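Note sheet for the following structure.
The values are calculated or read from the model by the stated rules, or taken from the named source; none is laboratory data. Since the structure is predicted, the reported quantities are computational estimates derived from the model, not experimental observations. Ideal geometry is used to build each Cβ from the backbone, glycine not excepted, and the neighbour counts take in all protein chains shown. We work out accessible area using only protein heavy atoms, side chains counted, and drop any ligands, DNA or RNA first. Shrake-Rupley method; radii C 1.70, N 1.55, O 1.52, S 1.80 Å.
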Amino acid sequence: EGFSSVKCFLSLYRFQACVYFASVFQAMSCGIHYLASVFMAVTPNFVCGFPGNVSSVLFHNSSASSMEDIWTLWTSTDNYVVVQLENGEIWELDQCSRSKREVSLDLAYEFKGNKSVFPCSDGFLYDDTKWKSTVVTQWDLVCDREWLAKLIQPMFMLGVLIGAVIFGDIADRLGRQRVIWFTSAGQFVFGIAVAFTFDYYSFMIVRFLLAMVSSGYLVVAFVYVTELVGIKARTWASMHVHAFFAMGVMVVALVGFLVRTWWVYQIFLSIATLPFVLCCWMLPETPFWLLSEERYEDAQKVIDTMARWNKVSTPCKVSELCSVQQHDLASGRAGDDDTSSTKKHNILDLFCNWQIARRTITVWLIWFTGSLGYYVFSLSSVNLGGNEYLNLFLMGAVELPSYIIACVAMDKLGRRNTLIPFLILSALMCVLIMFIPQDFNILIILANMAGKFSIGVAFGLIYLYTAELYPTIVRSLAVGSGSMMCRVGSVVAPFCVYLRSVWIFMPLLLVGIMALLSGILTIMLPETLGKPLTNTLVEATEMGRNKKSCSEKTPPAHSGALEKIELFAQERVSTDK
């Protein structure tokens, strides 16, 4: 059924298909910038610099004439290197300090005599065998400045959080089209500007702005494609925005493998979606937003354009739709004495009673866990051993089938019955990884891919499930607050990954606990498959208490002009075809 919906969408809705693929193509850029720091902020092996020209280098029992020959032997951060300078001085070089041997006639690795300890005032020597340059080596973000490097990804995610709020509101006020124009151009401009920043602080500021516009685009793109595609393909279309994001992660791995200088790497990533930036001005505004702003003539022009592209001989008229909406509103006022629909609602309405409050807490936890697990698995992929570029590529590639499975399972098994096993499976994968010997790199990578797959299914499903769990009067508020918890999870995820320094499995343990708890609490959520959307909090509460009678007693929401565009258009298309 799902695949036939997509086929119908591609064949009958040519205009929507073209606009859809153009819009989601730019979602790759969001995936690119979200994960770019995985290779951009790599900290290679390093030691303290030395004052002068070196004549010989000693590392344990191996000697060499330059530091470049020593890096292949480096195995631990506890190692140190002994160098003899041309003036005869012998220095021991640690990562964050250096010691000068006071009296030493022979060059030996072990030394029991007196040593004078000095700070690294001559900078640092970095292993450039893998990366010629990173932001860490560019601005010496090591030792007492290491915390600055660890702030790069969390600050980006903070920009993601703020950008989602700001641009989501602007899109409602000024329209989806303008925000898509601005954020698309912003991703390109700020992405290139990052490569030419002159110090750490300007780098962080520009990256923060880049995060805001990237997040803004992704949020508005979801709304944009949802409002343009037909009802039959809406689930698949919205779900596969995630798939293009995953393709962006795969692009990061590919460019990281080919380009090893951070600013060149950033430029290549930024121009990856340049074709969309050049043609995004051709995207139309959605009829939904135009009608909500009472711009009926503009809405009619867009509808007529859609009809020409789709070869519909009798396009729907805005005047007909508006008359239907007025009739619905009049009948709604006459038949409904509940004034809650006109009441101003706030976040407290999501906790109006114990049933809804428990539902909200569970949904928020799932949003948080999905985001936390997604970024922990993605950011940790470069530390799994083997080829870090291949690891990240596979972590992105495994998402593609996960969204297909999510689309099929949620329509066959139900939303809750799909969510529960995949959340618990992701928790089991986290536990399994802890028991795999560290020498079994391939098995570890496969287990991480299975964990990312499971989290991907849950993460993609929760968007639609949240919208179905809440009534019309607070639905946008519920999805928005859940999305906010998702952003909080993405901010926390980098700090969670840094806990590897405490215990190598600490990030997986935290994700596993959160996923298991989320899976158990999801059991108490009602199933929404095949049930009409609720209108009031009373109906939503009743859905949780009496699952069997809910579908019979709850009437469908009134359909206004905005909803009837899709129904009317589909009837005309099916008639013509």
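In this structure, T75 and V264 have a Cβ-Cβ separation that, at R0 = 25 Å, corresponds to a calculated FRET efficiency of about 0.25. With 31 Å as the limit, write out which pairs from K100/K132; K150/K452; K311/K412; K412/K452; K130/K452 have Cα-Cα distances beyond it, or answer none. Table pairs above 31 Å Cα-Cα are K311/K412.
Largest accessible area first, the listed residues E92, E539 line up as E539, E92 when surface is computed with a 1.4 Å probe on the assembled protein chains. In the assembled protein chains, W91 presents an accessible area of approximately 10 Å² (probe radius 1.4 Å). Rounded if a/c is under 1.5, else prolate if a/b is larger than b/c, else oblate: which is the stretch 379-437, with a ≥ b ≥ c the root eigenvalues of its Cα gyration tensor? Judged from the Cα gyration tensor, the stretch 379-437 comes out oblate (a/c at least 1.5, b/c at or above a/b).
Farthest towards the positive end of the charge dipole of the stretch 46-129, among the residues W74, F111, V47, is the Cα of F111, using unit charges on the Cβ of Lys, Arg, Asp and Glu. Ranked from largest to smallest solvent-accessible area, with a 1.4 Å probe on the protein heavy atoms, Y126, Y201 come out as Y201, Y126. Annotation: amide H of S56 within the under-5 Å range of Q84, sequence separation 5 or more or interchain, hydrogens built in the peptide plane. Only protein heavy atoms count here; on that basis, with a 1.4 Å probe, I271 has an accessible area of about 70 Å². How would you classify the stretch 177-266 from its alpha-carbon gyration tensor, with a ≥ b ≥ c the square roots of the eigenvalues: rounded for a/c under 1.5, else prolate if a/b is greater than b/c, otherwise oblate? It comes out oblate by the Cα gyration axes. Cα gyration tensor of the stretch 46-129, axes a ≥ b ≥ c as square roots of the eigenvalues: rounded (a/c below 1.5), prolate (a/b > b/c) or oblate? Verdict is rounded for the stretch 46-129.
Couplings for the stretch 191-199, taken from phi via the Karplus curve 6.51 cos²θ - 1.76 cosθ + 1.60 with θ = phi - 60°, read x, 5, 4, 4, 5, 10, 5, 9, 7 Hz in order; Gly and Pro are left as x.
Solvent-accessible surface (1.4 Å probe) assigned to T137 amounts to roughly 30 Å². For the stretch 46-129, a simple Cβ point-charge model (Lys and Arg +1, Asp and Glu -1, everything else neutral) yields a dipole of about 280 debye relative to the Cα centre. Proximity of backbone amide H atoms, modeled 1.01 Å from N, is registered between F50 and no other residue at under 5 Å, excluding neighbours fewer than 5 places apart on the same chain. Phi angles of the stretch 400-411 translate, via the Karplus equation with coefficients 6.51, -1.76, 1.60 and θ = phi - 60°, into HN-Hα couplings of 4, x, 5, 6, 5, 4, 4, 4, 6, 5, 5, 8 Hz per residue; Gly and Pro are given as x. Our coupling estimate for the stretch 14-21, obtained by passing each phi through the Karplus curve with A = 6.51, B = -1.76, C = 1.60 and θ = phi - 60°, is 4, 4, 4, 5, 5, 5, 4, 5 Hz, Gly and Pro reported as x.
When E227, E110 are compared by accessible surface with a 1.4 Å probe, the order from highest to lowest is E110, E227.
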